[in-house]
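Undergrad: Below is the structure I would like to discuss, written out as structure tokens.
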């Protein structure tokens, strides 16, 4: 089993408001081209995120950067976990759940246990905020082994989704 960084080893981990470095980390993690032929011609992958989109996201009432966990290496973001608590969902379901919305590690820092350290810290932060359950979504075919990492923290598959699409001829 892979070893993860212990709590004592990540003193440089801190909660941070969004910065260009945070944006670059998310782009590095999620901006990778998809290899599968089923998505390579998907025009949504080329959609540009505008400043207005970003400002709209920052203005979301449930967005709470104090929940975020960011690992810095000097002035560069090495990895991050963007966590969220959604009171309306919790009220609707009757369960106090917190989400690990995005887990991202930039390529030069992968396989060093940083994501594991941030996930562990995220779970403590959510528990300390009174959450009873932690939830996340994952691409089970992710080549980085994300599913195994999450399972090592006790996450278990609850639902499986299959996304399919059919392009229309123009």
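Undergrad: Evaluate the distance, in nm, between pseudo-label points positioned 7 Å from the Cα of residue 54 and of residue 128 along their respective Cα→Cβ axes.
TA: The modelled label-to-label distance comes out at 2.9 nm.
Undergrad: Hey, how much of the P(r) for segment 117-158 falls beyond 18 Å, as a percent of Cα pairs? All intermediate terms of the calculation are to be shown ahead of the outcome.
TA: Details: 246 of 861 pairs.
Tail fraction, whole percent: 29.
Undergrad: Separate question: For segment 59-169, what are the per-bin percents of Cα-Cα distances with bins 10 Å wide, up to the bin holding the maximum?
TA: For segment 59-169, the binned pair fractions read 12, 41, 32, 12, 2, 0 percent.
Undergrad: Quick check on the exposure proxy: order 150, 86, 54 from fewest to most C-beta atoms within 10 angstrom.
TA: The most exposed by this proxy come first: 54, 86, 150.
Undergrad: Let me ask something else about it. Given 10 Å bins starting at zero, what is the percent of C-alpha pairs of segment 50-103 in each, up to the one with the largest pair distance?
TA: It works out to 22, 40, 31, 7, 0, in whole percents.
Undergrad: Based on the mean of other beta carbon atoms within 10 Å per residue, what is the order of 78-85, 129-136, most packed first?
TA: Ranked from most to least packed, the peptides come out as 78-85, 129-136.
We did not get these values from a lab; they are worked out from the coordinates using the rules stated. Being a predicted model, the structure only gives us computed values, none of them experimental. Note that each Cβ is placed from the backbone with ideal geometry, even for glycine, and that neighbours are counted across all protein chains shown.
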